[in-house]
Amino acid sequence: MTLSPVLIVAGDFYRDIAQPMIDGASKALDDAKLPYELVTVPGALEIPGAIAQAELAGADYAGYIALGCVIRGETTHYDYVCGESARGLMELSLGGVPVGNGILTVENRDQAMARAVEKNKGADAAQACISLMALRTKFEKSA
């Protein structure tokens, strides 16, 4: 039986921050022996839309890992990007789509690097996705 891949969707706006998270998520999926694919989008705000496009197109992904970073600036743009990207991912999740949310929302670059590298939030998002995929399989079997 061929396993459906997991799709990692990474925002490229802060590529130097996203890359260690991509590496962490990839390693977690490799360790779990799960296939995966990677796509990039311009930033965190586009991540939920990319996942929704994959779902609406009927793409055969077992789950999704959202990776990106939003760093607070001098305007309210930060609040909109954080809130709307989280809302979009939550809507997908509430619709039954397994999504691991690894979009960092931080005050500065140092906080971002600590979470991307030291805390490996990419791996954490992958583990969340894997857990939700297993839960969906359990519920499908009991239906």
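The values are calculated or read from the model by the stated rules, or taken from the named source; none is laboratory data. The structure presented is a predicted model; accordingly, all values stated were derived computationally and were not measured. Reconstructed Cβ throughout: ideal geometry from the backbone, glycine too, with neighbour counts over all protein chains shown.
For the range 128-143, enumerate the residues that are touching a helix residue (DSSP H, G or I) at 6+ places or on another chain (Cβ under 9 Å) and either surrounded by fewer than 20 Cβ atoms within 10 Å (Cβ to Cβ) or at pLDDT below 95 (or both).
At the first step, the residues of the range 128-143 found to be touching a helix residue (DSSP H, G or I) at 6+ places or on another chain (Cβ under 9 Å) are 129-130, 132.
Correct list: LEU132 only.
Of all residues in the range 35-75, those that are under 16 Å from GLY102 (Cβ atoms) and more than 15 Å from the chain's Cα centre (by Cα) total 1.
Annotation note: of VAL70, VAL106, VAL99, VAL9, the sole residue that is in contact with a Cys (Cβ under 8 Å, 6 or more places away or on another chain), among the β-branched types (Val, Ile, Thr) and under 17 Å from LEU132 (Cα atoms) is VAL99. If you go through the range 23-49 and keep only what is loosely packed, with under 14 Cβ neighbours inside 10 Å and of a type in the set (Asp, Glu), you end up with ASP30, ASP31, GLU37.
Would you check if ASN120 is surrounded by 13 or more Cβ atoms within 10 Å (Cβ to Cβ), at pLDDT below 95 and within 21 Å of ASP16 (Cβ to Cβ)?
Values: surrounded by 13 or more Cβ atoms within 10 Å (Cβ to Cβ): yes; at pLDDT below 95: yes; within 21 Å of ASP16 (Cβ to Cβ): yes.
Answer is yes for this residue.
Of all residues in the range 16-45, which are among the basic types (Lys, Arg) and closer than 15 Å to ASN120 by Cα? Correct list: LYS27 only. So which residues in the range 27-80 are polar (S, T, N, Q) and touching a residue at least 12 places away in the same chain (Cβ under 8 Å), if there are any at all? Hit for the range 27-80 is THR40, nothing else.
Restricting attention to the range 9-33, which residues are among the small types (Gly, Ala, Ser), assigned to a helix (DSSP H, G or I) and more than 17 Å from VAL81 (Cβ to Cβ)? Those that are among the small types (Gly, Ala, Ser), assigned to a helix (DSSP H, G or I) and more than 17 Å from VAL81 (Cβ to Cβ): GLY24, ALA25, SER26, ALA28. Taken over the range 78-104, the residue count meeting the criterion of being crowded, with 19+ Cβ neighbours inside 10 Å and out of contact with any Phe, Trp or Tyr (no Cβ under 8 Å at 6 or more places or on another chain) is 8.
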